[in-house]
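Okay, so here's the structure we're looking at.
The values are calculated or read from the model by the stated rules, or taken from the named source; none is laboratory data. From a predicted model like this one, the values you see are computed outputs, not experimental measurements. Neighbour counts run over all protein chains shown; Cβ positions are idealised from the backbone, glycine included.
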Amino acid sequence: MKIEVLQDPEAVAKKAAAVIAEAARAAVAARGRFTIAVSGGNTPWVMLRELGKESIPWQKVHVLQVDERIAPAGDPDRNLTHLHESLLEHAPLRREQIHAMPVEASDLEAATRQYTEILRKLGGSPVQLDLVHLGLGPDGHTASLIPGDPVLDIMDREVALTGVYQGRRRMTITYLVINQARQILWVVTGGEKAGMLVRLCGADKSIPSGRVSQEHAELLADRAAAAQLDQSGSQATAS
């Protein structure tokens, strides 16, 4: 896994936007479309606003969700709320190019199958997205792959539901989709992630993030998150 350490969250967001833009141009040139699944978080919303400034064939872009909280439309807990604010207001993207997880459905199990069909329509079967963007929680979770949750062991479905975590159930793509992606982009900021970042870089499979393939992965971290990397022996490039 390529690791790059940048000064602060803003620098990480700008670099991540540039990485995504490059991937988008390459994917459209090669396959005629760009499929990206996006996680939530404060730095990613800045990243997406920065992405709106990039020269991308936007009409060929399809944005999917890595995960989503089971909450009503417009709820501030919803990743979709911030996704719309970050992209629709800052990029020439149509609303229908953002494919929302159907977490408002009355039958959530059926909703996971519905989203699976969207993934397969855009990414083929087995699903291979062009880029999956991931974050890292202080407890080692990524997407909504949560420590101790049965969702970690689901290897035969692309989309699944979790138990209650931080007050909400979630819908999430599984390792089946994440590990098939052509490119994985980790965006990690904040000193509270420092210990877990060392374990992620060491592919520690006892934490959910450590079970993500590193073969086609790139990690962008700020100095606070990367504070313990040097003494751990992990190889990182500073910018």
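Looking at the structure I just gave you, is residue 163 assigned to a loop (DSSP other than H, G, I, E, B) and either within 16 Å of the chain's Cα centre (by Cα) or β-branched (Val, Ile, Thr) (or both)? Against the criterion (assigned to a loop (DSSP other than H, G, I, E, B) and either within 16 Å of the chain's Cα centre (by Cα) or β-branched (Val, Ile, Thr) (or both)), residue 163 does not qualify. Take the conditions in contact with a helix residue (DSSP H, G or I) (Cβ under 8 Å, 6 or more places away or on another chain), without any contact (Cβ under 8 Å) to a residue 24 or more places away in the chain and either buried (at least 22 other Cβ atoms within 10 Å of the Cβ) or among the small types (Gly, Ala, Ser) (or both) and apply them to residue 137. Does it pass? In short, no.
Tell me, please, whether a residue that is outside any loop (DSSP other than H, G, I, E, B) and of a type in the set (D, E, K, R) can be found in the stretch 133-149. So far as the stretch 133-149 goes, no, none of its residues is outside any loop (DSSP other than H, G, I, E, B) and of a type in the set (D, E, K, R).
Report, by residue number, each residue of the stretch 28-84 that is of a type in the set (Ser, Thr, Tyr) and touching an Asp or Glu at 6+ places or on another chain (Cβ under 9 Å).
Narrowing the stretch 28-84 to residues of a type in the set (Ser, Thr, Tyr): 35, 39, 43, 55, 81.
35, 39, 43, 81, listed by residue number.
The condition of being at pLDDT 95 or above and under 13 Å from the mean Cα position of the chain (by Cα) holds for only one of 214, 128, 183, that being 183. Here residue 206 clears all of (1) closer than 27 Å to residue 11 by Cβ; (2) in a loop (DSSP other than H, G, I, E, B); (3) over 17 Å from the mean Cα position of the chain (by Cα) except the condition numbered (1). Contact annotation: residue pairs with Cβ atoms under 8 Å, 6 or more positions apart or on different chains, pairing a residue in the stretch 190-204 that is closer than 10 Å to residue 228 by Cβ and touching a residue at least 24 places away in the same chain (Cβ under 8 Å) with a partner that is of a type in the set (Asp, Glu) and in a loop (DSSP other than H, G, I, E, B), are 196/139.
Only a single criterion out of (1) within 28 Å of residue 19 (Cβ to Cβ); (2) assigned to a helix (DSSP H, G or I); (3) of a type in the set (Gly, Ala, Ser) is not satisfied by residue 125, namely (2).
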